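Q: This is the structure, below, for whatever I ask next.
The values are calculated or read from the model by the stated rules, or taken from the named source; none is laboratory data. No experiment lies behind these values; they were computed from the predicted model shown. Please note: Cβ atoms are built from the backbone with ideal geometry, for glycine as well, and neighbour counts cover all protein chains shown. What goes into the accessible areas is simple: the full protein's heavy atoms, side chains included, and nothing from ligands, DNA or RNA. Shrake-Rupley method; radii C 1.70, N 1.55, O 1.52, S 1.80 Å.
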Amino acid sequence: MAGLTEHQPPLVIDDAINNNDDDDHDHKCNNSENNCSSSSSLDKGVGGDKDMAPVSGSSIHRSASRPQLDLSGAAIQGNFEERDPTILLPNQSDDISHLALDIGGSLIKLVYFSRHEDRLINNRRLKSIKERFGLLTGNRRSYPILGGRLHFVKFETHKMNECVDFIHSKQLHRGGMDSHGWRSEVPDNDNAVIKATGGGAYRFSDLFKEKLGVSIDKEDEMNCLVAGANFLLKAIRHEAFTHMEGHKEFVQIDHNDLFPYLLVNIGSGVSMIKVDGDGKFQRVSGTNVGGGTYWGLGRLLTKCKSFDELLELSQRGDNRTIDMLVGDIYGGMDYSKIGLSASTIASSFGKTISENKELGDYRPEDISLSLLRMISYNIGQIAYLNALRFGLKRIFFGGFFIRGHAYTMDTISFAVQFWSKGDAKAMFLRHEGFLGALGAFMSYEKHGLDDLMVHQLVERFPMGAPYIGGKIHGPPLGDLNEKISWMEKFVQKGTEITAPVPMAPPGTTGLGGFEVPSSKGESLRSDASNLNVGVLHLVPTLEVFPLLADLKTYEPNTIDLLDRGELDYWFTVLSAHLPDLVDKAVASEGGTEDAKRRGDAFARAFSAHLARLMEEPAAYGKLGLANLLELREECLREFYFVDAYRSIKQRENEASLAVLPDLLLELDGMNEERRLLMLIEGVLAANIFDWGSRACVDLYHKGTIIEIYRMSRNKMHRPWRVDDFDIFKERMLGSGDTKPHPHKRALLFVDNSGADIVLGMLPLAREFLRRGTEVVLVANSLPALNDVTAMELPEIVAEAAKHCDILRRAAVAGGLLVDAMISSQDRSIDNSSSVPLMVVENGCGSPCIDLRQVSSELAAAAKDADLIILEGMGRSLHTNYNAKFKCDALKLAMVKNQRLAEKLIKGNIYDCVCRYEPAS
């Protein structure tokens, strides 16, 4: 598979396989950031009488009221030569359902949905696959699925006009923009309605009607808070986390054991809600001392103009000048008998009583910090006392008072831990401030999200950028030119404008980038208010892979980037590989000036992502290497680089297909035991062809593809580092009196283009077909490095089938050969008895794969499969090396990274893995 390069001396062809220099790795990554064990089926924000949607199954239920996309009269609007021009849909009458608001006393929280339509593809392969797997029956849609993104934005309530201008600028009240930022030409609708919750939904309803021509449909505030929290805790993996003494740790939530819990929403005031299930809750307590108190008193005492300014001020404060500490009372001593340290606050603002000072004699910084500690501590204490009252162990804190501020979270956490004596923990939510807005958004009944299956949401990593004035408000810019211009201005002006991705200084921790709190607090800082919170992508075709043995224990990533050493290492590798990747990306687009400009912007954007992660490893949730590589692919696509390795892949496919007939002839001259070994060796040998590998690049200058392939195969002396071949051989060929029992269907997860697929996996697939096993080649949905895609495979198979009757008959039976590829002689042959060779897409566009999120095609194909083969470093080592399956599984890869070899298999670069695991 394609991977990354580490600088090293050139390799000579004779020593390439045994060379121990650290080189590239063949990563495969996945989308990762959502949880797939249940779904949120929410009506009016809380669920009502609806049940949770099933996790698996080949069909997805949708409400009958969902409007269909009306394509009649569709026409291109504007310049026909323009890339991705706007398409006018004059007859579309979709209800407005892309926007929801939570208008509080202090802040407006806005969630909106930007759509993109799936492309209609009508080809023989897809029709054959859907017919064979039963995807054309039942209640599956016969119209395009509307996928898209959920975005999160906030405004101060007293700046309502800015919020209205933002909604108008993106036309959110008229259906918004498509995925490239072009405005949808939807006619005005006098009956347009948008959902909103919070007191401002009543207060500002006339303003929305006057300014935007839309009516506010008011949703109950508590309903929305609970619905939003339940949705996040079920739908988004690594949403909840603890934060103690500057250390952030994500919490894995067991959805079957989520309820009951206490939800503490800290807005202007504080509500404490006991949540017993979807739609089952009661407000059990609250306090009027909340975010509004901090802001209000802070404004009176410090003259700060905004909450963020007040929070920023606190980072330079020293509360010991104002607060009376236990040590002040006991002469610097602890009160250890009752567990109080000398630095514990005995009385907030207590020192001001005995000092003959006026307000102006105190530093505003100290006042801000003392006030923050006082309010945060008391909220934590009251929350725990309510949890104790109802016997609740889980306490989740939300609301924009927290703002990802490490000091605030640590203070709340300390209060909960102190009063519970360690029995309870405070937990926080990454989308903390948007619970009400999310709940209001989920209350729409007609946009198809009312019965959303949770594993259809995938967290992405878009490059944040401003819509006015250099301030980041959350969503990425939709227009490419605007985005590139922003990146160029950032580079030119440096600190004069806000960075496109907020970055914390060295040595900081936590979402807001704070040092471990101290009583002085001089190192605190607050950039969390500008944070681009994770954008959630709605991908309605993704499902859970049904052959996972245990979904609860499944973790695709084998490398955890919260390990600082791992993050440093991969940061260096990715940074070193970036210039070469940019060159290939620009070349794939013809090397034009526009491509060069986009390439520069991509490099800056991805570098900004890496820099932020170096300073704040938990900024995007719990990341493995797979997620980091997915981030890179997302960033490439964000700047319109569809396939950076396009020309390279085509050249390698042609070269490999030219030598395939000789290889097949060689294999056919062997007995079946020798042939099976040669096939597995061939897969491992061909996996060396990786354009992300420096060694591979050097090899290309030393010999032809077939020479390199044979050299690689000849040097694979057994035993391999991980060698289960004999066990696999016995399952395939039988042993003694035990006769072989062919597999019914094998899923072959393929990796790189060129020799990897043509000389490695296709001959292996041919062997299974020869034995009567149906074969499904599983490939990427979107390009990633030099990986082969499902769209490219049929043409490769068609070329290979010209030289092999087994492949030809199987390809015809599997619908891979269209009429133009089939000779008149083949059309007259009955292929109904041939086992089919099929291709399905995996639903992924990255070098790795997370099996919690696969295409509906793959999920359907897996139901009758009894063998899985995961090939390549990305799919079988970087992810899924430890995965357990309900069926037989074979994991094959050549290790092309020294660090991974040492950590995972305690071996060296170019070691081989042949790991066979019978059905669990």
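Q: With +1 on each Lys and Arg Cβ and -1 on each Asp and Glu Cβ, and nothing else charged, work out how big the dipole of region 234-378 is about its Cα centre, in Debye to the nearest 20. Kindly include the intermediate steps, with their values, before the conclusion.
A: Numbers: 16 positive and 19 negative charges, 65 e Å.
Around 320 debye, computed over region 234-378.
Q: Ok, one more. Taking the dipole about the Cα centre of region 550-639, with the C-beta of Lys and Arg at +1 and of Asp and Glu at -1, give me whichever of Leu625, Leu581, Leu551 is farthest to the positive side.
A: Result: Leu581.
Q: How much accessible area does Lys744 have with a 1.4 Å probe, in Å² rounded to the nearest 10?
A: The accessible area of Lys744 comes to roughly 120 Å².
Q: Okay, moving on. Would you please give the residues with an amide H less than 5 Å from that of Cys848, counting only those at least 5 places away or on a separate chain, with H modeled from the backbone geometry?
A: Sorted by chain and number, the residues that satisfy this are Lys28, Cys29, Asn30.
Q: When ligands, DNA and RNA are left out and all protein chains stay put, how many square angstrom of accessible area per residue does region 612-664 have with a 1.4 Å probe?
A: Working: 1420 Å² over 53 residues.
Value for region 612-664: 27 Å² per residue.
Q: Also, I was wondering about something else. Taking R0 as 41 Å, what FRET efficiency do you get between Lys305 and Phe571 from their Cβ-Cβ distance, rounded to the nearest 0.05?
A: E(calc), rounded to 0.05, equals 0.60.
Q: Follow-up. What is the percent carbon and sulfur in the accessible area of region 551-627, measuring with a 1.4 Å probe over the protein chains and ignoring ligands?
A: Details: 1450 of 2690 Å².
The C+S portion of the solvent-accessible surface of region 551-627 is 54 percent.
Q: Find how many whole Å separate the alpha carbon centroid of region 873-919 from the alpha carbon centroid of region 626-690.
A: 17 Å
Q: Among residues other than Met272 whose Cβ falls under 12 Å from its Cβ, what is the net charge (Lys/Arg +1, Asp/Glu -1)?
A: Value of the local net charge: +3.
Q: So if I take the centroid of the Cα atoms in region 260-289 and the same for region 771-822, what is the distance between those two points in Å?
A: Value for the Cα centre distance between the two parts: 56 Å.
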